[in-house]
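What follows is a single structure, written as structure tokens, with notes after it.
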Amino acid sequence: MTARTFSIPRHRADAPARLPDAPAGRWSPKRHGTAGPALLLLIAFAACSGKSANLIERMDQRDAETRAEIEALNNSLTSTYDRESAITERLLQVEKTNLQLRHDLEQLRQQVLALMEELEARAAATVEIAPPKPVGAPGVYEDARADYLDYNYAKALEKFVQVIKMAPLGELADNAQYWIGECHYGMGAWDPAVTQFIKVFAYPNTAKADDAQLMIARCYMNLGNGPRALNAYQRLVDEYPDSEYVEAARKEMRVLQ
């Protein structure tokens, strides 16, 4: 039997080494060629792009929410400002109304006070009772004085004479005597006036003595009797130095001198 020989084929030195086939589903240079790395980059980019898109969407949503919050805040501030403006306007209107009310109240108060004063005056006039008119010599004396003040000297003269007849020693007798002289003086009867003024000195402690002395001097002046007038004035100054008529007497004496 002839022996078989087996020869083992040799690989060529320049032939590349054979790699085992990659399992199905995996990339291998043999099965997919050189496009594998680019595909991986594309897949990674796609993944990043998806994440970026999601992030942008979330940022947009947050930006929209922020804008909505700002808009709501602005609306709230505007509404608050409007409310404050309305309140301020209302307060100003209320203050203006209060000022007008206070003014009207003050006017009303003044009117009430004036009305009260008028009512009080009317009540006082109604309640006030005129004092009873004096009777007797005092009553006649008052009537005579009224007539004298009305320049009705003749009628006043009659009544003053009547007072003396009714009460010759009464407290009004010396006054009545003085006014009798004044009535004559008022009618221009200088000589009778002097006579009546001299009679005033017959009443002791009369308060009309200096008045009568002054009028005697003036009667003499009107009569044109300067020396007697000067003597009468000098007697007033000497005998009644505290009289209120002393200064007038001195001035009238200077006219005669």
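The values are calculated or read from the model by the stated rules, or taken from the named source; none is laboratory data. As the structure is a prediction and not an experimental result, all values here were calculated from the model. A quick note on method: Cβ atoms are made from the backbone with ideal geometry, for glycine too, and the neighbour counts reach across all protein chains shown.
Every residue in region 216-228 that is out of contact with any Pro (no Cβ under 9 Å at 6 or more places or on another chain), touching a residue at least 24 places away in the same chain (Cβ under 8 Å) and either of a type in the set (D, E, K, R) or surrounded by fewer than 23 Cβ atoms within 10 Å (Cβ to Cβ) (or both), please. Before you say what the answer is, go through the steps one by one.
Our first condition is that a residue be out of contact with any Pro (no Cβ under 9 Å at 6 or more places or on another chain); within region 216-228, this holds for 216-219, 221-228.
Right, trim to touching a residue at least 24 places away in the same chain (Cβ under 8 Å) and you get 217-219, 221-223, 226.
Passing the criteria: Arg218, Met221, Asn222, Leu223, Gly226.
For the subset of region 162-188 comprising residues that are over 19 Å from Ala207 (Cα atoms) and crowded, with 17+ Cβ neighbours inside 10 Å, which member is farthest from the chain's Cα centre (by Cα)? I'd like the intermediate steps shown before the answer.
Restricting attention to region 162-188, the residues satisfying the condition of being over 19 Å from Ala207 (Cα atoms) are 162, 165-166, 184-188.
From what's left, crowded, with 17+ Cβ neighbours inside 10 Å: 166, 184-186.
Numbers: Met166: 64, His184: 61, Tyr185: 59, Gly186: 57 Å.
Among residues in region 162-188 that are over 19 Å from Ala207 (Cα atoms) and crowded, with 17+ Cβ neighbours inside 10 Å, the one farthest from the chain's Cα centre (by Cα) is Met166.
Filter region 232-244 down to residues that are surrounded by 13 or more Cβ atoms within 10 Å (Cβ to Cβ) and under 15 Å from Phe201 (Cβ atoms) and give me whichever is nearest to the chain's Cα centre (by Cα).
Ser243
I need every pair where a residue in region 149-172 that is assigned by TED's automatic domain parsing to the domain that holds Asn205 has its Cβ under 7 Å from the Cβ of a residue that is in a loop (DSSP other than H, G, I, E, B), sequence separation at least 6 or different chains.
Tyr153/Met187; Val163/Leu172; Met166/Gly136
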